[in-house]
Amino acid sequence: MKPVLFNTPILFLIFNRPDTTDKVFEKIREMQPRQLFISADGPRPDKKDEKQRCEEARKVIERVDWKCDLKTNLSEKNLGCRVGVSSGIHWFFTHVSEGIILEDDCVPDTSFFHFCELLLEYYRDDERVMHIGGVNFQDGRTRGTGSYYFSKINHIWGWATWKRAWDMYDVNVSTYPQLLEQKLFPAVFTNPDTRRYWQKNIELVYNKTKDTWDIQWQYTVSVNNGLAIIPNGNLVSNIGFDVHATHTIDNFNTLANRPTSHIDTMSHPIFVVPDLQADDYTMRKYMNPPKLKKLWQLVRRRLTK
C-alpha cells in the first residue's frame, strides 16, 4: 500500500551539499508531500568546484517520483545566506498560507512533519504563536505537562510557520533604531545577558556585517511579543557541522548530530506562557555560554586544525 500523501506544504532550502541534501530529501520523500517547494542558492564564483556541488545537490529534483505539485526557485548567482534563504522563504509564502521549512542539513524524524501539521492547524488563528520548532536543547528535561512548551527563542533547524507571521519579517530590521530610541529593548529582552547577546547580533545584521537571515526572524518574533513552540523531545538532527557549512563549522559542537525522538501522541500545554527557565538553560549552555566555555571551544577547534 502506498503511503498517504502529506497535505502540508514543505519548503526545502538547498545549496552546495549533495551528501546532506540527499539525507534530508529521503525523509521528505517518505512523507510524499502534495506540495514541495525547492529553493536553491547559486555557487560563489571564487569557490573552487562549488558550481559542481550545487548542480549535484539540485539533482534531488529529479528524484521526486510521487504525485506532487513541485515548484522550484533556482538562482544562477550566489545571493548569500541573508538574501538567499530569506527570499526563498518569501517566495514560498507567495504560494501558501502555512508550511514547513527544512534546510539541507536538518534531518527530521517523521513525527516532526505530523507535529508541525497538527500545530499549524491548532494555532492557525492564534497570533500569539508565530513559530513551531523541531529541535530541543533541554538535554532530557521535560518542560511543563504537554508534548511541547512555549519559548521566546525560535530555533530554525526544522521549523514551520504561517504567512501571517512571515509577513512581519524584515531582513534589514529597519525598525531597530526606533526600538532603541524608545528604550524598549529591555522590555523585549528582559534578561541582561540575553539582551547583550541579541543586541550584539541584531546590530551585526542591521549594519550588514553578518550574512545571515535567522537573527532577523528572532527579532521579528521578539518585537511582536510572539511565542515559539519547542517539542519536549528532539525531532530534528543537524548533520551539517563541518568545514563545508556556512556557520556551523565546529564538528565538536554538542548540538551536532543529536539523536531524534518520536512523538506518538499529542498533548497540549495548559498555559500559553513562555518557559523562561528553559530559555535561560538554552542560552547559558548553548547560545551564550560563559567566556571560559567559549575559550575552550576555540582552543579545541584550533587543536584539531
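The values are calculated or read from the model by the stated rules, or taken from the named source; none is laboratory data. Small disclaimer: the values here were computed from a predicted structure and weren't measured. When we count neighbours, we look across all protein chains shown, and the Cβ atoms used for this are built from the backbone with ideal geometry, even at glycine.
Among the residues of the stretch 42-54, are any in the same structural domain as residue 93 (by TED's automatic domain parsing), in contact (Cβ under 8 Å) with a residue 24 or more places away in the chain and within 18 Å of residue 238 (Cα to Cα)? Within the stretch 42-54, none of the residues are in the same structural domain as residue 93 (by TED's automatic domain parsing), in contact (Cβ under 8 Å) with a residue 24 or more places away in the chain and within 18 Å of residue 238 (Cα to Cα). Of all the listed residues (292, 298, 204), the sole one being in a helix (DSSP H, G or I) and at pLDDT 95 or above is 204.
The condition (being surrounded by 22 or more Cβ atoms within 10 Å (Cβ to Cβ) and at pLDDT 95 or above) is satisfied by just one residue among 24, 83: 24. The condition of being free of Cβ contacts under 8 Å to residues at least 24 places away in the same chain and either touching a helix residue (DSSP H, G or I) at 6+ places or on another chain (Cβ under 7 Å) or under 21 Å from residue 128 (Cα atoms) (or both) does not hold for residue 189. Among the candidates 70, 119, 102, the residue that is surrounded by 15 or more Cβ atoms within 10 Å (Cβ to Cβ), among the aliphatic types (A, V, I, L, M) and over 16 Å from the mean Cα position of the chain (by Cα) is uniquely 119. Look at (1) touching a Ser or Thr at 6+ places or on another chain (Cβ under 7 Å); (2) surrounded by 23 or more Cβ atoms within 10 Å (Cβ to Cβ); (3) farther than 18 Å from residue 241 by Cβ and you find that residue 12 fails only one, number (1).
Does residue 112 meet the test of being crowded, with 18+ Cβ neighbours inside 10 Å, in contact (Cβ under 8 Å) with a residue 24 or more places away in the chain and assigned by TED's automatic domain parsing to the domain that holds residue 229?
Details: crowded, with 18+ Cβ neighbours inside 10 Å: yes; in contact (Cβ under 8 Å) with a residue 24 or more places away in the chain: yes; assigned by TED's automatic domain parsing to the domain that holds residue 229: yes.
For residue 112, the condition - crowded, with 18+ Cβ neighbours inside 10 Å, in contact (Cβ under 8 Å) with a residue 24 or more places away in the chain and assigned by TED's automatic domain parsing to the domain that holds residue 229 - is met.
Looking for something among the charged types (D, E, K, R) and in contact with an Asp or Glu (Cβ under 6 Å, 6 or more places away or on another chain) - is there at least one such residue anywhere in the stretch 1-16? No, the stretch 1-16 has no match at all.
Remark: residue 62 matches the filter, which requires a residue to be in a helix (DSSP H, G or I), at negative phi and surrounded by fewer than 23 Cβ atoms within 10 Å (Cβ to Cβ).
Within this structure, residue 253 passes the test of being modelled with pLDDT under 95 and of a type outside the set (A, V, I, L, M, F, W, C). Restricting the first member to the stretch 68-82 and to residues that are under 17 Å from residue 213 (Cβ atoms), and the second to residues that are assigned to a strand (DSSP E or B), the beta-carbon pairs closer than 7 Å and six or more apart or on different chains are 73/39; 75/40.
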